[in-house]
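Here, each number is a calculation from the coordinates, and none is a lab measurement. Note that the structure is predicted; figures quoted are calculated from it, not measured. Every residue, glycine among them, receives a Cβ derived from its backbone with ideal geometry; neighbour counts consider all protein chains shown.
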Amino acid sequence: MATSDPKQKTVPRFTDKFSICPSCDLLLEEIQPLSTHTPVCPRCLRRLHRKRPDSARRTLVLSLTGLLLYLPANFAPLLTFNILGAATSSSLFQSTLSMFDQGEYLVGILVVLTGLICPFMTLSLLFGVSAGLFLGWQQRWMAVFLHWYHHLTEWAMTDIYLIAVFITIIKMNHAAAIGYHLGFFCFIGLVAATVAAQSSIDQSLFWDKLDRTTADERPRIPAETAARTGREAGLLLCQSCHKISPLPPRGPQENQKEEMSCPRCGELLHIRKENSIDRSWALIVTALLLTLPANLLPIMSVSSLGNVSKSTILDGIIHFFQEGSYGIGLIILTASVLVPLFKIIGMSLILISIHNKWTTWLRHKALMFRFIQFVGRWSMLDIFVIALLCSLVRFGSLSSVDTAPAALYFSAVVLCTMFAAISFDPRLLWDSAEEETAKDAAQDVARGVTPG
Ligand SMILES: [Zn+2]
Ligand SMILES: [Zn+2]
């Protein structure tokens, strides 16, 4: 057992003080988050870490409040509509299930998942993890919970559902006397608690507390590395928990693929998401094709005293403008028409730009992609409004609202565009830029060597 190693002096200095940007794979110095300052990636401007004070306790209290409000918000009566002495009442749960009564099973499943199941799951997962951390635990199931929370959070759409409730109220305000019940107020509380819980969680801090690897097990790179990206430095970043792992050794065959999962959260690790471009293209083209029936066919039919009038998404928007409800008209125009169009055009532009290796406006394209990810879920607004109207406007021959075929196509557009954004790997945008820079550098060297 040698006590001193003479080779030690010749070994270059290694460091484990670094991080990697999840959006562009840039190798960065370790981030030191401060409460006064949010670090951003210098290349793609992505926010890298936002410090949340007292995160575990706040998340625990807020998620518990949300869970306590969940049952009355969903099952207590929400609203009553009263037209000429006839009254109909519905709870949020009944509205969520109303698509099944209409025979629209696929849309129904989507509304149940996004309006009922995912919101409950996200709150429960948040509660479980924050309670565990608050008690000082470090259990394996907590990492599983946090991993699932990461994937489910954008599918929990109670915030959009609440806006849909307000739009329904404004839409029916002229025609019916509206009664507000316990469910309505509990639902507002539920949404406020959910949004606050989601914004109080400090995911980096939570993951650090759940990390079982010791400092010795952290991957190290030479302190004076020439590598610009994680990939060049032989490192893989988990897209779920942002843990850095060394690239697995190459198999004997060039195309041999080693499936490797994150040691902390279990997410499958890829240098880049597999077939990302092809999958995103397929989903975007499908969304584009479905946009036609979604906008040209009627989405809702209203029967009033025996007269049935069917309306498309645009008809509904025009109706709001004609009534003078410009704000609501604009919200629905944005959520139902502009956002899906923006997503399809924006994603196509990004994919074309990668195909053609365009290296200009990269930062703008990265920003546009993050915006597409952020607004994607808001297109569900119109579907929630229709679900609410179907359950609340049930006055028999006097007046009733039913769904029409476009609801299915429109939901499919929302799903396709959301999955297109999930399938896309934004690091691919920057790979072509890296290749071009390397090519330019090689050309410069060649020019310098070759006499002009
Ligand atoms: Zn970046
Ligand atoms: Zn992970």
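General remarks:
- Across the chain, the mean sequence separation of Cα contacts (distance under 8 Å, 6 or more residues apart), normalised by length, yields a relative contact order of 21 percent.
- Alpha-carbon gyration tensor eigenvalues x 5, square-rooted, for segment 272-439, Å: 39, 15, 11
- Relative contact order for segment 272-439, counting Cα pairs under 8 Å that sit 6 or more residues apart, in percent: 43 percent
- Rounded to 10°, Cα long-axis angle of helix 339-355 versus longest principal axis of the chain: 20 degrees
- Within segment 272-439: Cβ-based charge dipole about Cα centre, in debye rounded to nearest 20 (Lys, Arg +1; Asp, Glu -1): 260 debye
- For the chain, the longest principal axis of the Cα atoms and the long axis of helix 427-449 meet at an angle of about 30 degrees.
- Cysteines of the chain lacking any other cysteine Cβ under 4.7 Å from their own Cβ: Cys118, Cys186, Cys390, Cys416.
- Angle in degrees between helix 313-323 and the longest Cα principal axis of the chain, rounded to the nearest 10: 60 degrees
- Tail weight of P(r) past 30 Å, computed on alpha-carbon pairs of the chain, percent: 54 percent
- Model label sites at Phe166 and Ser199, defined 7 Å from Cα along the beta-carbon direction, differ in position by 1.4 nm.
- One chain, two ends: Leu84 and Ile345. Fully extended at 0.36 nm per residue, the span grows by 89.3 nm beyond their Cα-Cα distance.
- Counting lysine pairs in the chain whose alpha carbons fall under 19 angstrom apart, excluding pairs fewer than 8 residues apart on the same chain, gives 14.
- Approximate spin-label separation Thr437-Asp315, in nm, with each point projected 7 Å along Cα-to-Cβ: 5.4 nm
- Summed over qualifying helices (DSSP H, 4 residues or more, each -39500 (n - 2.57)) and divided by its residue number, the chain shows a 222 nm mean residue ellipticity of -17000 deg cm²/dmol.
- Rounded if a/c under 1.5, otherwise prolate or oblate - segment 64-212, Cα gyration tensor axes: prolate
- Look at the dipole of the chain built from charges on Cβ: of Ser124, Leu237, Phe384, the Cα furthest out on the positive end belongs to Leu237.
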